[in-house]
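This report refers to the structure that appears directly beneath it.
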Amino acid sequence: MMRLISRAGPLLALAVLIGAWHIAVSRGWLGNPFVLPGPGAVARRAGDLWSDESLPRDLRTTLGRVLAAFALALAAGTIAGLAMGRSTTARAALRPIVGLGFPAPKIAMFPALVILLGLGTASKVALGFAEAVFPIAAAVAAAASRVPERLTWSAESMGASRSAVAFRVVLPSALPGLLAGARVGLIGAIIGVYVGEMVVSSDGLGHAMVAGWRQLDTAQLYVSVVAVSVLGFVLDGLLLLARRRLMRWAPENASG
Amino acid sequence: MAAEAAHPVDSARREADEAKLRLSGVAKSYAGRRRGTVQAIGGIDLDVRPGEFVSLVGPSGCGKSTLLYIIGGFIGADGGSVLCDGREVSGPGPDRGIVFQEFALFPWKTVLGNVTWALARRGVSRKDRPEQARRLLSLVGLDEAGRLYPSELSGGMKQRVAIARTLAMDSEVLLMDEPFGALDAQTRALLQEELLRIWDETGKTVLFVTHSVEEALYLSDRIVVLSSRPSRVRDVITPGFPRPRTREQVLADSSYAALYERIWAELREEGPA
Ligand SMILES: Nc1ncnc2c1ncn2[C@@H]1O[C@H](COP(=O)(O)OP(=O)(O)O)[C@@H](O)[C@H]1O
Ligand SMILES: [Mg+2]
């Protein structure tokens, strides 16, 4: 029974939210329904946009960019994090970059990225990458530097090469930290891509949002907002699923 | 030992002029937490012959683990040298297997996976690994535990997996840091006998750290008593009980009580064991 409630909990909360939204709009508590259209109007607009193919196209575009940005950030962040966590030279070289890059507002680099990479997909992927790579690198570096010394010693004494120690001992040992960083990084990738599409783009969910706003089509604006939220929710859920599979060895499945 | 019988001249020459392990003036200090240094090892000279079983006993904190780490090549000594087969030890290597006091199992690998990992590093073919891993696990009495993860094991079981994993390396030198410390008396006795049998069959050279004087007397050719920090070799005892030996024979030997008392008296003088 508790299980059922905890399973149904998110759906229940969502239903309450949508219900409240509906009531607030229909009672006029939020002013003009043009400012905030009700859930019914947004759903109808979503249906239109779905059938005229523009919503599926924007979803595919944004999803592709997010996955590309995330995959690149995961690879680069993991390599950089392992290097920083395990080698003092790499740490000395990379720490200033991460130290400056992590807190910097990545959107500030976007104009430069557009000049460099053009108006198309590459600049959005680059912004998503920039948002995602730092939390991943920082999390992997922290986890890699905390790998128990005896584990790497054991591997070395068995004759493991430097790269075998890095990828077969340090990496799995740092996996909990890596996955925590990847979750933050994934959200960063979504933010980066979406914001990039908002600023300069001719396609993608971010562009659809801005287009709705400019054309005073507020229903379309909210379709984009809901779509990107659902996208984030689903990708995050997949990541959690992957973590549960990858972390079966952990005591009590220490996730959280 | 079979190898010696096959090459009597060869092995006799090796034994005469070449120790398996030769420690000369090994010293080690650690940087203290605040300021200054802690000298753990004051200067240790020790030769271990090929195929010899040597135990190290000494007060806790005197640097026994540190000494094994130096021989293993994981940390460097501040002074002196360590030779293995006449070559200066400059890093870890599969010629010196080690069983750590903390087990150091890979938590993301199953019991079988941990042992298989060591076999793979040694170049055992993928096809032969499961069979050999199972044989090693059965040697330490863990036939049923192969699919469990380390987090699902008791301390004693972890220790046995660590032993099996190190045996999988098939190194000529075995460094063991209180390997039976977490075991109940019965398992401990069983594994002591098993270790003696493996040692006898394979002719490995064993350097064995223990807190148990009884264990040292039962297993060893020689027992090295270390002084408290900064440690030096305080005494070397050669029990000389005949081999192959049983526990009962050792306990019943006329010299057992005197040796036991001598080692204990030395440890008592050095401080808390
Ligand atoms: N990494 C380290 N840093 C600082 N001091 C250490 C370190 N490892 C061990 N020591 C100190 O060195 C001494 C010897 O430690 P250890 O070799 O573990 O002794 P034993 O195994 O004989 O109990 C102890 O006083 C211990 O506190
Ligand atoms: Mg110790």
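Computed in the context of the full set of protein chains, the accessible area of the range A:53-248 at 1.4 Å probe radius has 70% of its extent on carbon or sulfur.
Considering the range A:167-247 at the alpha-carbon level, its Rg and Dmax are found to be 16.7, 55 Å. Could you list log10 I(q)/I(0) for the protein assembly as shown at q = 0.08, 0.09 Å⁻¹, which the Debye formula gives when each Cα is one point scatterer? Rounded to two decimals, the profile gives -0.69, -0.79. Exposed loop sites were defined as chymotrypsin sites (Phe, Trp or Tyr not before Pro) in DSSP loop states (anything but H, G, I, E or B) carrying at most 12 other C-beta atoms within 10 Å; in chain A the longest segment without such a site runs A:35-256.
Residues of the range B:103-131 buried by at least 20 Å² of accessible area upon assembly of all protein chains, compared with the chain on its own (1.4 Å probe): B:104, B:106, B:107, B:108, B:117, B:121. Scanning chain B for long hydrophobic helices, with DSSP H runs required to stretch 18 angstrom or more by C-alpha along their axis and to average at least 0.0 on the Kyte-Doolittle scale, returns B:155-169.
Were the residues from residue B:200 through residue B:90 laid out at 0.36 nm apart, the gain over their Cα-Cα distance would be 36.7 nm. For the range B:30-77, which residues drop by 20 square angstrom or more in accessible area between the chain on its own and all protein chains together (1.4 Å probe)? Listed by number, the residues meeting the 20 Å² cut-off are B:69, B:74.
3J(HN,Hα) along the range A:28-38, derived from phi through the Karplus expression 6.51 cos²θ - 1.76 cosθ + 1.60 where θ = phi - 60°, amounts to x, 5, 9, x, 4, x, 5, 5, 10, x, x Hz, with x in place of Gly and Pro. For residue B:28, go through the lysines and keep the ones whose alpha-carbon is under 19 Å away, minus same-chain ones fewer than eight residues off. Output for residue B:28: B:64. Listed by number, the DSSP H helices of chain A that run 15 Å or longer by alpha-carbon position along their axis and have mean Kyte hydropathy of at least 0.0 are A:2-26, A:54-86, A:88-101, A:121-145, A:175-199, A:218-246. Taking amide H atoms as placed 1.01 Å from N in the peptide plane, the amide H of residue B:235 lies under 5 Å from those of B:225, each 5 or more residues away in sequence or on another chain. For residue A:167 and residue A:24, a Förster radius of 60 Å and the Cβ-Cβ distance give a FRET efficiency of 0.70, rounded to the nearest 0.05.
Does chain A come out rounded, prolate or oblate by the C-alpha gyration tensor, with a ≥ b ≥ c the root eigenvalues, rounded set by a/c under 1.5 and, if not, prolate when a/b is larger than b/c and oblate if not? Since a/c reaches 1.5 but b/c is at least a/b, the shape of chain A is classed as oblate.
Based on protein heavy atoms only, the protein assembly as shown ends up with 49 Å² per residue of surface accessible to a 1.4 Å probe. Our note on the geometry: Cα centres of the range B:69-107 and the range A:11-80, 59 Å apart.
Of the trypsin sites (Lys or Arg not before Pro) found in the range B:27-86, those in coil by DSSP whose Cβ has at most 10 other Cβ atoms within 10 Å are B:33, B:34, B:35. Restricting the trypsin sites (Lys or Arg not before Pro) of the range B:146-207 to loop positions (DSSP other than H, G, I, E, B) with no more than 12 neighbouring Cβ atoms within 10 Å leaves B:147.
By accessible area, using a 1.4 Å probe on protein heavy atoms only, the range B:83-129 has 48% of its surface on carbon and sulfur. Taking a straight Cα-Cα cut-off under 15 Å and skipping sequence neighbours fewer than 8 places away in the same chain, the aspartates and glutamates within cross-link reach of residue B:109 are B:152. In the range B:152-171, burial by the other protein chains removes 20 Å² or more of accessible area from B:165, B:169, compared with the chain on its own (1.4 Å probe, ligands and nucleic acids ignored). For the pair residue A:242 and residue A:229 in one chain, pulling the backbone fully straight at 0.36 nm per residue adds 2.7 nm over the alpha carbon distance. Fully extending the segment from residue A:6 to residue A:145, taken as 0.36 nm per residue of separation minus the present Cα-Cα distance, adds 46.4 nm. Compute the FRET efficiency between residue A:184 and residue B:34 as 1/(1 + (r/R0)^6), taking r as their Cβ-Cβ distance and R0 = 35 Å, and round to the nearest 0.05. Efficiency, from the Cβ-Cβ distance: 0.45. One Cα centroid belongs to the range A:211-240, the other to the range B:206-230; the line between them spans 69 Å. Shown here for the range A:146-177: trypsin sites (Lys or Arg not before Pro) in loop regions (DSSP other than H, G, I, E, B) with at most 15 other Cβ atoms within 10 Å, namely A:146.
With a 1.4 Å probe, how much accessible area is buried between chains A and B, both sides summed, in Å² to the nearest hundred?
On the way: alone 14610 and 13380 Å², together 26120 Å².
Chains A and B together bury approximately 1900 Å².
Computed from the C-beta positions of residue B:78 and residue B:261 and an R0 of 41 Å, the FRET efficiency is 0.70 to the nearest 0.05.
A simple spin-label model places pseudo-atoms 7 Å from Cα toward Cβ; at residue B:170 and residue B:151 they are separated by 3.4 nm.
The values are calculated or read from the model by the stated rules, or taken from the named source; none is laboratory data. These figures come from a predicted structure and were not determined experimentally. With ideal geometry, Cβ positions are generated from the backbone for all residues, glycine too; neighbour counts draw on all protein chains shown. What goes into the accessible areas is simple: the full protein's heavy atoms, side chains included, and nothing from ligands, DNA or RNA. Shrake-Rupley method; radii C 1.70, N 1.55, O 1.52, S 1.80 Å.
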